[in-house]
Amino acid sequence: MKIEDNIETFNSLVKRQGFVWGPSPEIYGGLAGFYSYGPAGMALKNNIISLFRKELRALGFSEVECPIVTPEIVWEASGHLERFIDPVIKCKKCESIFRADKFLKEQMPDAMIDGLSFKEMEVLIKSNSLTCPECDSEFDKIEDYNLMLKTNVGAGNTAYLRPETATTTYLLFNRLSQVLRKQYPLKVFQYGKAFRNEISPRQGVLRMRSFDQFELQMFISKEQEYNLEDFNDIKHNKLPLLDWRLQDKNIAIPNQIDLEDAIEKKILKKPAYAYCLYLSYFLISKLGYPDEVIRFRQHSPNEKAHYADDAWDLEVNTTQFGWVEICGIHDRTDYDLKRHGKYSKQNFEVSMDTNPSIKEIPQILEIAYGIDRIIYTLLETNFNVEDKRINLKLSKNVAPNQVAVFPLVKNKEKIRLLAKKIHRGLLQNLIYSYYDESGSIGKRYRRQDELGTPYCVTIDYDSLEDSTVTIRERDTMTQIRIDISEIPMTIKNGLPKIKE
RNA sequence: GCGCUCAUGGUCUAGAGGUAGGAUUUUGGGUUUCCAACCCAAAUACCCGGGUUCGAAUCCCGGUGGGCGCACCA
C-alpha cells in the first residue's frame with residue numbers, strides 16, 4: 001500500500017493516533033479555538049513538561065501555580081485591559097468591521113486620536129461624515145472588542161481569565177523574594193492555562209482560545225543584567241539569530257553567532273538577556289527538533305508588546321504554516337513591578353546589590369513557551385514517510401511510549417506470559433512500556449512507528465530457552481538479541497552502532 | 001467578522017431526489033518462528049436545525065465547523 005508523503009497524511013495521523021482532536025466538543029459541532037489532547041498527545045505533553053521541570057530544577061528555578069481567574073485590577077495594572085480591548089466600528093449595511101482608532105488615524109492623519117474616549121471618536125466620525133470604505137454606508141456606534149475572556153465572581157465582581165501566566169507570577173514577587181531568600185536573580189516558572197478571545201482563530205492548535213503556557217521569569221537587578229555569572233559559562237554557544245535589521249533588508253537566513261560576539265556587535269544589549277535566549281534554546285534542544293528548522297527572530301520596534309524593551313521569538317519552520325513562534329523571550333524591564341507596585345500600593349523596591357542602602361525595583365526577563373505550539377511543531381517536523389511506512393521520529397525523551405513489548409505470536413501461552421511479565425517489569429522500572437499482541441508482528445511494528453516509539457521488544461521461541469529477546473530500533477529497523485536483564489540499559493543507551 | 005468554498009464510518013474517500021459503496025481501521029476467531037501477509041465472521045457514517053417534496057444525505061434557508069482571501073493576531 002502506497003502512503004502519500006504529504007500534509008494530509010500528517011493531519012490524519014494526528015487524529016487517528018489520538019494526538020489532538022477538535023475543535024471541541026466535536027459531538028456538538030465544536031467551538032472554534034478549543035482543542036482536546038488524546039492519550040498520545042497527552043503523554044507527549046507530559047513528557048515535555050517533566051523534562052522541562054527536571055532541567056529547570058538543575059538550573060535553580062522554582063515552580064509556582066496561580067489562579068486562572070483574576071480580578072480586573074490586575075489587568076488594569078498590567079496594561080492588558082487597555083491594550084487588549086479594541087474599539088471596533090461596524091458598517092450598518094455590509095457589516096465590515098474596522099478598528100476605530102486605526103481607521104481614524106488613516107482617515108485623519110493630522111488629528112490626535114490616541115487617548116480619545118469611544119464617545120469622542122464617535123463624534124469625530126459623525127462630524128467628518130466618515131463612511132464605510134467598502135460600501136460607503138454609515139457606521140454603527142463604537143463597541144469594544146475584548147481579547148480577554150470576562151466572567152463574574154461572587155455577586156457580580158468582574159474578573160478575567162488570565163491572558164498570560166506571566167503576570168500572575170509577578171503578583172507573587174513579595175512572597176517569592178522572601179522564600180527564595182533574596183538570592184537574586186530570582187528564578188521562577190509557571191505552567192498553566194491562559195485564555196484569549198481571538199476574533200477568528202485559525203491554524204488549529206497554533207492559535208487557540210484556551211492554551212498552555214510555560215513561562216520562566218528572572219527577577220534581576222540592573223547591574224546583574226550586564227554582569228551575570230551564568231552568562232560566562234555559555235557565552236561561546238552559537239545561536240541562529242535573525243535581528244530586525246537583517247529582516248529589514250529582506251534577509252531570511254539567520255546568522256549562526258557566538259553570544260559574546262552578538263553583544264560586542266550590539267545585536268544583543270544585555271548578557272543576561274543573551275543568557276535567556278540561550279536558555280530558551282537549551283530546553284528546546286532537548287526535544288529533538290532538526291537543527292535547520294530553528295531560528296531566533298527579533299521583533300521590530302513597532303512589533304514589540306507594550307511592556308517589552310527587547311523581544312525575540314524562537315521560531316520553528318513548518319510545512320503547513322511556515323515559521324511558527326514557539327517561544328517569546330522578552331525584556332520586560334521594571335515595567336510590571338512598577339505598575340503592580342503603584343496599583344497595589346506595595347513597595348517592590350529591594351536591595352539587590354552588595355550595598356544594602358541601594359534599593360531598586362527588579363527588572364524582569366521572561367521566557368514564554370507555547371506548549372501547544374511545541375507539540376504541533378514537534379510532531380510536524382518529526383513526521384516522515386518512508387518506504388511503505390510512517391515514521392514519527394520523536395526523540396526517546398518525549399515519545400508517548402518508550403518501548404513496546406510483543407509476543408511474536410499470540411497463540412503460544414508461554415510466550416504471551418513471558419511478554420506480559422517483561423512488560424510489567426519495565427513499568428516497575430519506570431519505563432513507559434506498551435503491550436500489544438494483536439495482528440501480525442509487522443503490523444505491530446508499524447503501529448508503534450506511527451506513535452514514535454523508539455524501541456520494540458519481541459519475545460519469541462528462543463526467549464523461552466535462553467531468556468533473550470530481540471530489540472528493534474525504530475529509525476533503522478535493525479534488531480539485536482539481548483538478555484532480558486539488558487532491556488532497560490539498552491533503551492537508555494540505544495543499540496550499539498553496527499560497524500560497516 | 002466579511003467574501004468564496006467545503007462538510008459521508010475512527011481515518012481517507014465514491015456517490016447522489018427513492019435511506020449509502022470502497023479502502024483502511026477496529027473487534028472476535030483461525031493461521032503465523034520478525035516488518036501493514038492470508039482466511040472466516042462482525043462493527044461503525046451522510047455536521048446541526050428548519051423549509052420544499054409523496055419522499056431530502058442529495059435542492060433551498062439558517063447555524064456550527066474546516067480551507068482560502070481580507071480584517072484581526074498584545
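The values are calculated or read from the model by the stated rules, or taken from the named source; none is laboratory data. This structure is a prediction, so every number in the text was calculated from the model and none was measured. Every residue, glycine as well, gets a Cβ built from its backbone with ideal geometry; the counts of neighbours run over all protein chains shown. For accessibility, only protein heavy atoms count, side chains too; no ligands or nucleic acids. Shrake-Rupley method; radii C 1.70, N 1.55, O 1.52, S 1.80 Å.
In debye, nearest 20, what is the charge dipole magnitude of chain A about its Cα centre with +1 on Lys and Arg Cβ and -1 on Asp and Glu Cβ, if you could check?
Dipole about the Cα centre, nearest 20: 1540 debye.
Hand me the GluC sites (Glu not before Pro) from segment A:1-75 located in a DSSP loop with no more than 10 other Cβ atoms within 10 Å, in residue order please.
A:Glu4
Here is the link list: A:Lys193/A:Lys338; A:Lys150/A:Lys359; A:Lys238/A:Lys388. Which ones come out longer than 31 Å on Cα distance?
Pairs exceeding the cut-off: A:Lys150/A:Lys359; A:Lys238/A:Lys388.
Using helices alone, what [θ] at 222 nm do you get for chain A, with -39,500 (n - 2.57) per DSSP H run of 4 or more residues, divided over all residues and rounded to the nearest 500?
Result for chain A, helices only: -9500 deg cm²/dmol.
How large is ³J(HN,Hα), in whole Hz, for each residue of segment A:260-275 in order, when computed from phi with the Karplus curve 6.51 cos²θ - 1.76 cosθ + 1.60 and θ = phi - 60°, using x for Gly and Pro?
Per-residue couplings from phi come out as 5, 4, 4, 5, 4, 7, 6, 6, 10, 8, 10, x, 5, 5, 4, 4 Hz.
When the Kirkwood radius is taken over all Cα pairs of segment A:401-493, what Stokes-Einstein diffusion coefficient follows at 10 °C and 1.306 mPa s, in µm²/s?
Rounded, D is 124 µm²/s.
Which cross-chain or sequence-distant (5 or more) residues have an amide H under 5 Å from the amide H of A:Leu268, H modelled 1.01 Å from N in plane?
Here A:Ile263 satisfy the definition.
Give the calculated FRET efficiency between A:Asp5 and A:Ile251 to the nearest 0.05, with a Förster radius of 41 Å applied to their Cβ-Cβ distance.
0.85
Collect residues whose amide H, placed 1.01 Å from N in the peptide plane, falls under 5 Å from the amide H of A:Tyr435; neighbours closer than 5 in sequence don't count.
A:Val405
Can you run phi through the Karplus equation (6.51, -1.76, 1.60; θ = phi - 60°) for segment A:318-326 and list ³J(HN,Hα) in whole Hz, with x for Gly and Pro?
Per residue, the Karplus-derived 3J(HN,Hα) values read 10, 6, 7, 10, x, 6, 10, 6, 10 Hz.
Return the long-range amide H neighbours of A:Ser351 (sequence gap of 5 or more, or a different chain), with a cut-off of under 5 Å between placed amide H atoms.
A:Glu360
Counting heavy atoms of the protein chains only and a 1.4 Å probe, report the per residue accessible area for segment A:246-355 as a whole number of Å².
Averaged over the residues of segment A:246-355, the accessible area is 46 Å².
At a probe radius of 1.4 Å, what is the per-residue accessible area of A:Lys182, in Å² to the nearest 10?
My reading of the accessible area for A:Lys182 is about 110 Å².
Check each of the GluC sites (Glu not before Pro) in segment A:238-332 and keep only those in coil by DSSP with at most 15 other C-beta atoms within 10 angstrom; list them in order.
A:Glu303
Is chain A rounded, prolate or oblate when judged by the Cα gyration tensor, a ≥ b ≥ c being the square roots of its eigenvalues, rounded requiring a/c under 1.5 and prolate requiring a/b larger than b/c?
prolate
Starting from the residue with the highest accessible area, list A:Val409, A:Val179, A:Val398 in decreasing order, probe 1.4 Å.
Sorted by accessible area, descending: A:Val179, A:Val409, A:Val398.
Considering Cα pairs under 8 angstrom that are at least six residues apart, work out the relative contact order of chain A and quote it in whole percent.
Value for chain A: 12 percent.
Quick one: ranking A:Trp21, A:Trp312 by accessible area, 1.4 Å probe, largest first, what do you get?
Greatest to least solvent exposure: A:Trp21, A:Trp312.
Which ³J(HN,Hα) values in Hz, rounded to whole numbers, follow from the phi angles of segment A:21-32 under the Karplus curve 6.51 cos²θ - 1.76 cosθ + 1.60, where θ = phi - 60° and Gly and Pro get x?
Result, rounded to whole Hz: 10, x, x, 8, x, 4, 5, 9, x, x, 10, 4.
Restricting the calculation to Cα positions, tell me the Rg (one decimal) and the Dmax (whole number) of segment A:225-345 in Å.
15.2, 49
Take the alpha carbon atoms of segment A:285-358, find their center, do the same for segment A:222-248, and report the distance between the two centers in whole angstrom.
13 Å
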